[in-house]
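Accompanying notes for the structure given below.
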Amino acid sequence: MNAHRSILDLVYLEREGFRPLSLDLHLPAAPPAETGGRHPLVVFMHGGGWQWGDRRGFGAPPEDGFARIAAAGFAVASVDYRLSGEARFPAQLDDVSAAIDRLRADADVHSLDPDRIVLWGESAGGTISALLGLGAGIRERGVVGVVDWYGPHDLEALTRARGIFDDPESAEARWIGGAVSAMPEAARAASPVDHVHPDAPPFHLAAGDRDVPVPLAQSESFAEALRRAGVDVEFDVHPGAGHRWREAGPEVAELALARALAFASRVTARTPVP
């Protein structure tokens, strides 16, 4: 697909003692004049249990996800962040927050709209996107919506359900610095369900009903918490789909992407969409 152009390996942050952090920027092929003067921006966070992964992978089918999002008229910044072996929570939020600041500062350079930003994460990246979307002042920084694909939302409930509540070697423990049972305050701080508030931007959640690493109940309880708070939330359950849309046909991945793009288009529309 040639409907986009990419600027790769843009270093957005250098912290003393850590590797430089980079992002890849995928831009629509159409000039900005044809997309309202500036491109709305998707900031994408990869998954990998906070332990692995990088900005180069979309993480779920379709494999050309970045190209497909750019073809829909969005700029896409796929962002690296420090993994749990490098730095514990909330370092990952700090990193992506710095990427947002850098992209907003360079908006003129890349014809980005700093006031039409959608955070989009998958799996562990979904947790990061949700926590950032629920953070104080996020609307003032141009974030108008959050796409959260099958992210963990309640670390205590998740680790209890999977029998790893006391496990100091679980992905969750490695992220927060110890077994969830031993660090309840840190676990709550890293759980989006504990940070829901009425002023949050709109959310789009999607998960499969056969997801084992992150059971559907995680998204169900988070969606219900958002609804109770009066937040604009869409929640798609994809029957037969496992984690990262596994165990399901390609039509599920296509539908998930189409639904997320429709949400992103709605929340970034210059004229409100009914």
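Kindly check whether there is at least one residue in the range 162-169 that is touching a Phe, Trp or Tyr at 6+ places or on another chain (Cβ under 9 Å) and either under 26 Å from TRP52 (Cα atoms) or surrounded by fewer than 17 Cβ atoms within 10 Å (Cβ to Cβ) (or both).
From the range 162-169, those touching a Phe, Trp or Tyr at 6+ places or on another chain (Cβ under 9 Å) are none; that's our starting set.
No, the range 162-169 contains no residue that is touching a Phe, Trp or Tyr at 6+ places or on another chain (Cβ under 9 Å) and either under 26 Å from TRP52 (Cα atoms) or surrounded by fewer than 17 Cβ atoms within 10 Å (Cβ to Cβ) (or both).
For the range 160-190, which positions are touching a helix residue (DSSP H, G or I) at 6+ places or on another chain (Cβ under 8 Å), of a type outside the set (Phe, Trp, Tyr) and assigned to a loop (DSSP other than H, G, I, E, B)?
ILE164, ASP166, ASP167, PRO168, SER170, GLY177, GLY178, ALA179, MET183, ALA190 - these are the residues of the range 160-190 that are touching a helix residue (DSSP H, G or I) at 6+ places or on another chain (Cβ under 8 Å), of a type outside the set (Phe, Trp, Tyr) and assigned to a loop (DSSP other than H, G, I, E, B).
Just one of VAL212, VAL193, VAL231 is touching a Phe, Trp or Tyr at 6+ places or on another chain (Cβ under 9 Å), without any contact (Cβ under 8 Å) to a residue 60 or more places away in the chain and outside any helix (DSSP H, G or I); which is it?
Values: VAL212 fails: touching a Phe, Trp or Tyr at 6+ places or on another chain (Cβ under 9 Å); VAL193 fails: outside any helix (DSSP H, G or I).
Checking each option against the conditions leaves just VAL231.
Output the number of residues of the range 234-260 satisfying the condition of being crowded, with 20+ Cβ neighbours inside 10 Å and in contact (Cβ under 8 Å) with a residue 60 or more places away in the chain.
The qualifying residues number 7.
On the given criteria, is GLY178 within 19 Å of PHE66 (Cα to Cα), at pLDDT 95 or above and open to solvent by less than 40 Å² (accessible area, probe 1.4 Å)?
no
Being open to solvent by 30 Å² or more (accessible area, probe 1.4 Å), over 21 Å from HIS46 (Cα atoms), outside any helix (DSSP H, G or I) and not hydroxyl-bearing (Ser, Thr, Tyr) is true for just one of ALA157, ALA217, ALA136. Which residue is that? Outline the logic, then answer.
Numbers: ALA157 fails: outside any helix (DSSP H, G or I); ALA217 fails: outside any helix (DSSP H, G or I).
From the options ALA157, ALA217, ALA136, the qualifying one is ALA136.
From the list LEU103, LEU119, LEU83, LEU93, which residue is closer than 23 Å to ARG270 by Cα and outside any strand (DSSP E or B)?
Details: LEU119 fails: outside any strand (DSSP E or B); LEU83 fails: closer than 23 Å to ARG270 by Cα; LEU93 fails: closer than 23 Å to ARG270 by Cα.
Selected residue: LEU103, the only one of LEU103, LEU119, LEU83, LEU93 that is closer than 23 Å to ARG270 by Cα and outside any strand (DSSP E or B).
Of the residues that sit in the range 1-18 and are out of contact with any strand residue (DSSP E or B) (no Cβ under 7 Å at 6 or more places or on another chain) and exposed (fewer than 13 other Cβ atoms within 10 Å of the Cβ), which one is nearest to PRO114 (Cα to Cα)?
GLU14
Taking into account only those residues within the range 37-59 that are open to solvent by 10 Å² or more (accessible area, probe 1.4 Å) and of a type in the set (Gly, Ala, Ser), which is farthest from LEU155 (Cα to Cα)?
For the range 37-59, the residue satisfying everything is GLY37.
Taking into account only those residues within the range 92-113 that are free of Cβ contacts under 8 Å to residues at least 40 places away in the same chain and open to solvent by 30 Å² or more (accessible area, probe 1.4 Å), which is nearest to the chain's Cα centre (by Cα)? First the steps, then the outcome.
Going through the range 92-113, the residues free of Cβ contacts under 8 Å to residues at least 40 places away in the same chain turn out to be 94, 97, 104-106, 108-109.
Now drop any that are not open to solvent by 30 Å² or more (accessible area, probe 1.4 Å), which leaves 94, 104-106, 108-109.
Working: ASP94: 14, ARG104: 18, ALA105: 21, ASP106: 21, ASP108: 24, VAL109: 24 Å.
The qualifying residue nearest to the chain's Cα centre (by Cα) is ASP94.
Can you name the number of the only condition in (1) surrounded by 20 or more Cβ atoms within 10 Å (Cβ to Cβ); (2) of a type in the set (A, V, I, L, M); (3) farther than 26 Å from PHE44 by Cα that VAL193 fails?
Going through (1) surrounded by 20 or more Cβ atoms within 10 Å (Cβ to Cβ); (2) of a type in the set (A, V, I, L, M); (3) farther than 26 Å from PHE44 by Cα one by one, VAL193 breaks only (3).
Being of a type in the set (Asp, Glu) and touching a residue at least 12 places away in the same chain (Cβ under 8 Å) is the filter here; which residues of the range 31-63 pass it?
Restricting attention to the range 31-63, the residues satisfying the condition of being of a type in the set (Asp, Glu) are 34, 54, 63.
Of everything in the range 31-63, just one residue is of a type in the set (Asp, Glu) and touching a residue at least 12 places away in the same chain (Cβ under 8 Å), namely ASP54.
Just to be sure I understand, how many residues within the range 139-154 are open to solvent by less than 10 Å² (accessible area, probe 1.4 Å), assigned to a strand (DSSP E or B) and not aromatic (Phe, Trp, Tyr)? Spell out the reasoning first.
Looking only at the range 139-154, we keep the residues that are open to solvent by less than 10 Å² (accessible area, probe 1.4 Å), and these are 142-143, 145-153.
Subsequent filtering for residues that are assigned to a strand (DSSP E or B) retains 143, 145-149.
Narrowing further to those that are not aromatic (Phe, Trp, Tyr): 143, 145-148.
Residues in the range 139-154 being open to solvent by less than 10 Å² (accessible area, probe 1.4 Å), assigned to a strand (DSSP E or B) and not aromatic (Phe, Trp, Tyr): 5 in total.
May I ask you to list pairs of residues, at least six apart or on different chains, whose Cβ atoms are under 7 Å apart, with the first in the range 64-86 being within 22 Å of VAL143 (Cβ to Cβ) and the second being at pLDDT below 95 and part of a helix (DSSP H, G or I)?
Pairs found: GLY73/THR35.
The values are calculated or read from the model by the stated rules, or taken from the named source; none is laboratory data. Bear in mind that the values here come from a model prediction, so they are computed numbers and not experimental data. Using ideal geometry, Cβ is built from the backbone for each residue, glycine included, and neighbour counts are taken over all protein chains shown. Accessible surface is based on the protein model in full, side chains and every heavy atom, while ligands, DNA and RNA are left aside. Shrake-Rupley method; radii C 1.70, N 1.55, O 1.52, S 1.80 Å.
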